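The values are calculated or read from the model by the stated rules, or taken from the named source; none is laboratory data. All values reported here derive from a predicted model rather than from experimental measurement. A quick note on method: Cβ atoms are made from the backbone with ideal geometry, for glycine too, and the neighbour counts reach across all protein chains shown.
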Amino acid sequence: MTVRPSAVWRRVRWVLAFLALCTLATCPAAIQRCRVEDTAREAPTLLGYLVGQVRAYATEHGELPDLTVGPTPPIGTCCATRHECRPDADLWLDPAWRALRFSIDGAHRFSYQVERQGPALVLRAIGDQDCDQVRAVYEVTLTLDGGKLTETWKRENPLE
């Protein structure tokens, strides 16, 4: 039995068409996942900045700042405005944010919080990057013992 080249090409075209459709069907999900992975870097970066500000305060004053503020902006705000929060300088006017010299001047996807818990200071970033009602939480607990600042980092659902 001989197979005509046109029959083989017809089969190959169907396989290629099927593969192209599969690629198109998964492309939006892949793009969304890539976007989430990219924006997930925001939280550790900005929390790292806050840790540096607390470290400077502790070095100067010999204690952790007694601050509680946030979440700023309110949790859920970013999903209400198409997956990211627009910059709003007024959100960061609270004396606690000003004491830490912290504000966000560009679009962002997380809400930030500082909370005094006994002798510890807890810094949090909370966000729902793909707006599916599952929140990512990045948290740093800072303690000061004998002038040494200790950081304990935790992450829950980092790519959500």
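Among what's in the stretch 102-140 and is of a type in the set (Lys, Arg) and under 16 Å from residue 66 (Cα atoms), pick the residue that is nearest to the chain's Cα centre (by Cα). Even if it seems obvious, please write down each step before you answer.
Step one: list which residues in the stretch 102-140 are of a type in the set (Lys, Arg), which gives 109, 116, 124, 135.
Among the residues that remain, those that are also under 16 Å from residue 66 (Cα atoms) are: 116, 124.
Working: 116: 22, 124: 10 Å.
Per the stated criteria, the residue is 124.
Scan the stretch 88-107 for residues that are touching a strand residue (DSSP E or B) at 6+ places or on another chain (Cβ under 8 Å) and more than 25 Å from residue 56 (Cα to Cα) and jot them down.
107
Restricting attention to the stretch 40-61, which residues are out of contact with any strand residue (DSSP E or B) (no Cβ under 8 Å at 6 or more places or on another chain) and either over 21 Å from residue 135 (Cα atoms) or at pLDDT below 75 (or both)?
Filtering the stretch 40-61 down to residues out of contact with any strand residue (DSSP E or B) (no Cβ under 8 Å at 6 or more places or on another chain) leaves 41, 45, 48-49, 52-53, 56-57, 59-61.
Once the filter is applied, which keeps residues that are out of contact with any strand residue (DSSP E or B) (no Cβ under 8 Å at 6 or more places or on another chain) and either over 21 Å from residue 135 (Cα atoms) or at pLDDT below 75 (or both), the stretch 40-61 yields 49, 52, 53, 56, 57, 59, 60, 61.
Let's see how each residue does on (1) in contact (Cβ under 8 Å) with a residue 12 or more places away in the chain; (2) in contact with a Lys or Arg (Cβ under 7 Å, 6 or more places away or on another chain):
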| position | (1), (2) |
| --- | --- |
| 48 | no, no |
| 58 | yes, no |
| 67 | yes, yes |
| 93 | no, no |
| 114 | yes, no |
